[in-house]
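Just so it is clear, none of the values below were taken in a lab; they were calculated from the coordinates. Everything quoted here is computed from the prediction, not taken from an experiment. Here Cβ is always computed from backbone atoms with ideal geometry, including for glycine, and neighbour counts include all displayed protein chains.
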Amino acid sequence: LAKTTQPISMDSYEGQEVNITCSHNNIATNDYITWYQQFPSQGPRFIIQGYKTKVTNEVASLFIPADRKSSTLSLPRVSLSDTAVYYCLVGNAGNNRKLIWGLGTSLAVNP
Amino acid sequence: DSGVTQTPKHLITATGQRVTLRCSPRSGDLSVYWYQQSLDQGLQFLIQYYNGEERAKGNILERFSAQQFPDLHSELNLSSLELGDSALYFCASSVVQGRGNEQFFGPGTRLTVL
């Protein structure tokens with residue numbers, strides 16, 4: 001089971017770019033890297049997923065180096081509504097590899 | 001709205017009791033996952049079902065059981081409830097196997113054991 005390590009908390013300001021790095025040294029060949037966002041008392045929401053290199057969608061970018069032992073979630077120009085907990089997951093639930101959810105990174109965006 | 005529904009939204013009960021939480025996955029999703037989230041804690045994976053069969057087991061207590069029915073809805077049964085079982089219980093569903101980790105979460109059931 002792949003364990004991840006990410007910062008417990010981060011602070012930012014509106015309009016800034018936020019980068020949250022996650023380390024996953026024992027990632028397996030078939031594992032994907034997935035990020036979720038969770039607001040208080042709500043279910044997590046899928047943000048982005050990647051396997052290698054860079055993935056970009058309408059809300060975020062995910063950078064994955066060649067060795068895949070870490071990844072960085074990049075949130076461009078954050079707003080107050082981006083204040084949430086962000087979880088980095090490594091695994092492949094689709095192939096019955098259980099996902100380990102850590103405590104995530106609590107991001108606070110200030111005015 | 002993720003398309004995953006959970007009932008009830010809130011549940012208050014006493015220690016020693018038994019409750020059933022219900023989840024309806026998104027239309028077309030065959031996999032259902034159950035998670036427990038205690039106050040200020042990360043999500044704990046409990047169990048996964050795929051098309052009616054148990055596929056993966058996490059930190060699910062023996063007092064807890066789940067099943068997925070032919071219409072793909074799932075139920076999580078919690079028995080001999082203890083104070084420490086108070087938590088948010090989430091259900092999630094996903095499309096197909098082998099597609100990584102994209103799961104769609106329901107709004108959760110908040111269980112309070114008094």
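Determine the dipole magnitude for segment A:32-111: charges of +1 sit on the beta-carbon of Lys and Arg, -1 on that of Asp and Glu, nothing else is charged, the reference point is the Cα centre, and the result goes in debye to the nearest 20.
280
Taking the Cβ of residue A:47 as the centre, find all other residues whose Cβ is under 13 Å away and add up their charges (Lys, Arg: +1; Asp, Glu: -1).
Taking every other residue near residue A:47 into account, the sum is -2.
For residue A:54, give me every one of the aspartates and glutamates with a C-alpha distance below 14 angstrom, ignoring sequence neighbours fewer than eight places off in its own chain.
Qualifying aspartates and glutamates at Cα under 14 Å: A:67.
Using R₀ = 25 Å, calculate the FRET efficiency as 1/(1 + (r/R₀)^6) where r is the Cβ-Cβ separation of residue A:55 and residue A:77; round to 0.05.
After rounding to 0.05, the efficiency reads 0.85.
Could you give the Stokes-Einstein D for the protein assembly as shown in µm² per second, using the C-alpha Kirkwood radius, 37 °C, 0.692 mPa s?
The diffusion coefficient I find is 183 µm²/s.
Just to be sure I understand the curve: with the Debye formula and one point per C-alpha of chain A, what is log10 I(q)/I(0) at q = 0.17, 0.20, 0.24 Å⁻¹?
-0.75, -1.04, -1.43
Restricting to chain A, what percent of DSSP beta bridges are antiparallel, rounded to 5?
85
Between residue B:59 and residue A:108, what FRET efficiency comes out of the Förster formula 1/(1 + (r/R0)^6) with R0 = 30 Å and r the beta carbon distance, rounded to 0.05?
For R0 = 30 Å, the calculated efficiency reads 0.55.
Order of A:35, B:34 from fewest to most other C-beta atoms within 10 Å?
In order of increasing Cβ crowding within 10 Å: B:34, A:35.
Testing the spin-label approximation: label points 7 Å from Cα along Cα→Cβ at residue B:110 and residue A:8. State their distance in nm.
About 2.5 nm separates the two model spin labels.
Which is farthest toward the positive dipole end of segment B:5-67 among B:11, B:60, B:37, measuring Cα position about the Cα centre, with Cβ charges +1 (Lys, Arg) and -1 (Asp, Glu)?
The one lying farthest along the dipole's positive direction is B:11.
Rounded to the nearest Å, what's the spacing between the alpha carbon centres of segment B:59-77 and segment A:1-50? Just the number, please.
With segment B:59-77 and segment A:1-50 each reduced to a Cα centre, they are spaced 28 Å.
State to the nearest 20 debye the size of the charge dipole of the protein assembly as shown about its Cα centre, where the only charges are +1 on K and R beta carbons and -1 on D and E beta carbons.
360
Holding the Cα-Cα limit at 27 Å, pick out from A:3/A:52; B:9/B:57; A:3/B:9 the pairs that are longer than that.
In this structure, A:3/B:9 exceed 27 Å between Cα atoms.
Report the Cα-based extents of chain B along its three principal axes, largest first, to the nearest Å.
For chain B, the Cα spread along each principal axis is 39, 26, 23 Å.
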